[in-house]
């Protein structure tokens, strides 16, 4: 079982989530902060507004989005270190709000963390 998971924030929290980390820049619509059961909101690790708008969750831009996001992540050492420190303690679930569960920044971030 991987120590890193990805989940929509709209799905119910579970004890198996471990540390719950929101990795979106914007707070998800319709979610009350007390209901989110967040351990951390790491908005600094989210894609830039320019990249987020350019991508627009268009699956045809997914490969290029991942490349551009990886480039942005190279400059986010503090946020990555914070995330890796949590992973060193146990399971972490990256939370996102996008409807597309395959093409979003949390999936791209998880792939980046697992490869680096």
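The values are calculated or read from the model by the stated rules, or taken from the named source; none is laboratory data. The structure presented is a predicted model; accordingly, all values stated were derived computationally and were not measured. Cβ atoms come from the backbone with ideal geometry, glycine included; neighbour counts cover every protein chain shown.
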Query raised in the report: Residues in segment 91-103: is at least one surrounded by fewer than 12 Cβ atoms within 10 Å (Cβ to Cβ) and within 20 Å of residue 20 (Cβ to Cβ)?
Result: yes
Query raised in the report: In segment 1-20, which residue that is under 15 Å from the mean Cα position of the chain (by Cα) and in a loop (DSSP other than H, G, I, E, B) is surrounded by the most Cβ atoms within 10 Å (Cβ to Cβ)?
Result: 9
Query raised in the report: Just to be sure, is residue 15 out of contact with any strand residue (DSSP E or B) (no Cβ under 8 Å at 6 or more places or on another chain), over 18 Å from residue 109 (Cβ atoms) and without any contact (Cβ under 8 Å) to a residue 60 or more places away in the chain?
Result: yes
Query raised in the report: Restricted to segment 37-50, and to residues that are surrounded by fewer than 17 Cβ atoms within 10 Å (Cβ to Cβ) and in a helix (DSSP H, G or I), which residue is nearest to the chain's Cα centre (by Cα)?
Result: 43
Query raised in the report: So which of 108, 97 ends up being under 20 Å from residue 14 (Cα atoms), modelled with pLDDT of 95 or more and under 15 Å from the mean Cα position of the chain (by Cα)?
Result: 97
Query raised in the report: Would a scan of segment 21-33 turn up a residue that is in a strand (DSSP E or B), in contact (Cβ under 8 Å) with a residue 40 or more places away in the chain, in contact with a strand residue (DSSP E or B) (Cβ under 7 Å, 6 or more places away or on another chain) and under 15 Å from residue 110 (Cα atoms)?
Result: yes
